[in-house]
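Scroll down for the structure; my scribbles are underneath it.
Read-outs: derived from the displayed coordinates by stated rules, not from any lab. Everything quoted here is computed from the prediction, not taken from an experiment. Ideal geometry is used to build each Cβ from the backbone, glycine not excepted, and the neighbour counts take in all protein chains shown.
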Amino acid sequence: METITISPELKLSRVIQGFWRLQSWHFTPIQLCDFIHEAIKLGVTTFDTAEIYGDYEAEAQLGAALRLDPSLRSKIQIITKTGINKPHPDYPYRTKHYETSYEKIISSCNKSLEKLNTDYIDVYLIHREDPFFDHHGAAKAFAELKAQGKIRAYGVCNYDPIKFHAFNEVTDHALVTNQIEVSPLQFEHFNSGMMDLLQMENVHPMFWSPLAGGSIFTSDDPACAEVRQVLSRIAQNHHCEMDTVVYAWLLMHPVKGMVISGSQKIDRLKNAVDALSLRLDLEEWYEIYLASGKQVLR
Ligand SMILES: NC(=O)c1ccc[n+]([C@@H]2O[C@H](COP(=O)([O-])OP(=O)(O)OC[C@H]3O[C@@H](n4cnc5c(N)ncnc54)[C@H](OP(=O)(O)O)[C@@H]3O)[C@@H](O)[C@H]2O)c1
């Protein structure tokens, strides 16, 4: 498995397994342990979750698996996120909102460590851009957590270039990633200049919903149908699966990103891993880039 060195002391697998949908898989802790072991056999050692995933339950599900098999902890890297508050019986929120203050980051991190049944989080991220963002408070919280060994690295998700640049300056260029939505149907970060800023900063993004949440394969939307047609032709030429082509398309970009697979099926995770040995040519890359009709060349 190829790895990406995101900080001097931390390498992540280029294919990451995501747990956004974990609750809906109805895995027992034993089944989740087995799933993680299977992923590790494929070389996928990095796992992505968040405080709010699975209605605040996903971290605890992963923690239950780690309690059942403590040997797993040293074999994997855990990414989790803070910054979104949603009404829930265990939390007194009236309405969904963002909270990224010093106090919130510190208290969320301590709760996540407890739920995950671990002493440290490998990568701790702010989940969404917060219009009420206190850069200096957040930077202080992250620096303290890192100095205490509670997190090994930190970054953000879904930031636009100006916001990424501003926070990266305040943290003295400590941000190790921006986790962003990119797929053959989602081009915001190509158009915003994010892919360019990340290369300039030598920061590797993580691409979420690489298969557009599965809609690439299931939606009747004409843009999805066009993408499917192009992917199917390219996949046939390379004797591989269509999802492998999508992952190869994402992985070949010079920004050197990581992909986060969201499937509950090990076979589909293997399709993502297979992409590391699939080389598309530049014209194939552009065919996929243009397939949905959402992007045009001038
Ligand atoms: N930072 C953020 O704001 C953010 C936001 C969203 C997600 N994420 C992260 O990114 C991860 C991946 O996102 P995602 O789950 O949306 O990824 P995705 O891989 O685009 O979508 C996964 C979904 O697609 C389905 N699927 C895959 N292949 C399929 C096929 N051939 N035919 C039909 N359905 C297919 C899967 O179903 P099966 O399970 O049945 O295979 C699953 O429901 C998440 O788990 C989370 O960790 C981060």
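Numbers at a glance
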{"quantity": "Criterion: away from the ligand (no atom under 16 Å from the Cβ), touching a helix residue (DSSP H, G or I) at 6+ places or on another chain (Cβ under 9 Å) and either farther than 25 Å from Asp160 by Cβ or of a type outside the set (Gly, Ala, Ser) (or both) - qualifying residue of Glu241, Glu284", "calculated": "Glu284"}
{"quantity": "Residue within the range 195-203 that is buried (at least 19 other Cβ atoms within 10 Å of the Cβ), touching a Ser or Thr at 6+ places or on another chain (Cβ under 9 Å) and in a helix (DSSP H, G or I) present", "calculated": "yes"}
{"quantity": "Residue list for the range 110-156, filter: surrounded by fewer than 23 Cβ atoms within 10 Å (Cβ to Cβ), hydrophobic (A, V, I, L, M, F, W, C) and in contact (Cβ under 8 Å) with a residue 40 or more places away in the chain", "calculated": "Leu145"}
{"quantity": "Selected residue [surrounded by fewer than 20 Cβ atoms within 10 Å (Cβ to Cβ), in contact (Cβ under 8 Å) with a residue 40 or more places away in the chain and out of contact with any strand residue (DSSP E or B) (no Cβ under 6 Å at 6 or more places or on another chain)] from Leu42, Leu62, Leu68", "calculated": "Leu42"}
{"quantity": "Single match in Thr177, Thr218, Thr171, Thr244 (criterion: β-branched (Val, Ile, Thr) and under 17 Å from the mean Cα position of the chain (by Cα))", "calculated": "Thr177"}
{"quantity": "Residues satisfying the stated conditions in the range 2-35, i.e. in a loop (DSSP other than H, G, I, E, B) and either touching an Asp or Glu at 6+ places or on another chain (Cβ under 9 Å) or not hydroxyl-bearing (Ser, Thr, Tyr) (or both)", "calculated": "Glu2, Pro8, Glu9, Arg14, Phe19, Trp20, Arg21, His26, Phe27"}
{"quantity": "Conditions (1) in contact with a His (Cβ under 6 Å, 6 or more places away or on another chain); (2) surrounded by 21 or more Cβ atoms within 10 Å (Cβ to Cβ); number of the one not met by Asn178", "calculated": "(1)"}
{"quantity": "Failed criterion for Pro70 (all others in (1) away from the ligand (no atom under 13 Å from the Cβ); (2) of a type outside the set (A, V, I, L, M); (3) within 20 Å of the chain's Cα centre (by Cα) hold)", "calculated": "(3)"}
{"quantity": "Matching entry among Lys81, Lys86, Lys104 (being within 22 Å of the chain's Cα centre (by Cα), within 16 Å of the ligand (Cβ to nearest atom), buried (at least 16 other Cβ atoms within 10 Å of the Cβ) and basic (Lys, Arg))", "calculated": "Lys81"}
{"quantity": "Within the range 1-31, tally of residues that are within 14 Å of Gly63 (Cα to Cα) and away from the ligand (no atom under 14 Å from the Cβ)", "calculated": "3"}
{"quantity": "Hits in the range 172-192 - residues which are within 10 Å of the ligand (Cβ to nearest atom) and among the charged types (D, E, K, R)", "calculated": "Glu181"}
{"quantity": "Residue in the range 91-105 that is assigned to a helix (DSSP H, G or I) and out of contact with any strand residue (DSSP E or B) (no Cβ under 9 Å at 6 or more places or on another chain) present", "calculated": "yes"}
{"quantity": "The range 187-215, residues that are polar (S, T, N, Q) and over 15 Å from the mean Cα position of the chain (by Cα)", "calculated": "Asn191, Ser192, Gln199, Asn202, Ser215"}
{"quantity": "Output for the range 193-212, where each listed residue is within 8 Å of the ligand (Cβ to nearest atom) and free of Cβ contacts under 8 Å to residues at least 40 places away in the same chain", "calculated": "Ala212"}
{"quantity": "Top-ranked residue of the range 254-281 - restricted to ones that are among the polar types (S, T, N, Q) and surrounded by 11 or more Cβ atoms within 10 Å (Cβ to Cβ), ranked as farthest from the ligand (Cβ to nearest atom)", "calculated": "Asn271"}
{"quantity": "Among residues of the range 279-298, those that are assigned to a loop (DSSP other than H, G, I, E, B) and in contact with a Phe, Trp or Tyr (Cβ under 9 Å, 6 or more places away or on another chain), counted", "calculated": "5"}
